[in-house]
Amino acid sequence: MQNTFLEAYVVAALWSTMDESTPQGGEPLDKNYGPEDLAPETLEKMKADCDKFQVENAQDIEGREEQAGHDFLLTRNRHGCGFLDGDWLKAGERLTEACKKYPEVYLYVGDDGLIYC
């Protein structure tokens, strides 16, 4: 991948999503899957969203790309933590507001064993 923001986003997406293998939700995807299991179109969509968010918010995330990628996923999916959990000071409010134009994303494992959104 070679993109710190995108890599952190993917890691957060995998550990924060359950595989739905049991009625209770199953295991986090990252227990049995990794970035290499993303369907090409899923990775393309993630990359497009991450690239756009980075360009739009470069002044607030410069130098903190790894944390920003992680917090972008958590904030856009309304996990209750992310840009407003105290690490971003005033930029957190701006970044949270910027996330509102991005819909929540849901990952699932397809019949082919690849992860889709």
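The numbers here are math on the coordinates, done by the rules we state, and not lab data. Since we're looking at a predicted model, the values are computed, not measured. All Cβ positions, glycine included, derive from the backbone under ideal geometry; neighbour counts span all protein chains shown.
Observations, loosely collected:
- Answer residue from segment 74-108, given it is among the aliphatic types (A, V, I, L, M) and within 16 Å of the chain's Cα centre (by Cα) and is nearest to Lys31 (Cα to Cα) among those: Leu107
- All of (1) over 30 Å from Asp111 (Cβ atoms); (2) of a type in the set (Val, Ile, Thr); (3) surrounded by 15 or more Cβ atoms within 10 Å (Cβ to Cβ) hold for Val55 with one exception: (3).
Yes/no matrix, rows are residues, columns are (1) surrounded by 11 or more Cβ atoms within 10 Å (Cβ to Cβ); (2) farther than 15 Å from Thr4 by Cβ; (3) hydrophobic (A, V, I, L, M, F, W, C):
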site	(1), (2), (3)
Asp49	yes, yes, no
Arg64	yes, no, no
Gln67	yes, no, no
Gly86	no, yes, no
Gly92	yes, yes, no
Val105	yes, yes, yes
Cys117	yes, yes, yes
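- Residue among Glu65, Glu41 that alone is touching a helix residue (DSSP H, G or I) at 6+ places or on another chain (Cβ under 6 Å) and in contact (Cβ under 8 Å) with a residue 60 or more places away in the chain: Glu65
- Scanning segment 11-22 for residues that are polar (S, T, N, Q), part of a loop (DSSP other than H, G, I, E, B), closer than 16 Å to Tyr108 by Cβ and without any contact (Cβ under 8 Å) to a residue 12 or more places away in the chain turns up at least one hit.
- Selection of segment 1-15 for residues being hydroxyl-bearing (Ser, Thr, Tyr) and surrounded by fewer than 20 Cβ atoms within 10 Å (Cβ to Cβ) yields only Thr4.
- Qualifying residues in segment 6-63 (those that are among the polar types (S, T, N, Q) and under 17 Å from the mean Cα position of the chain (by Cα)) - the one nearest to Arg94 (Cα to Cα): Asn57
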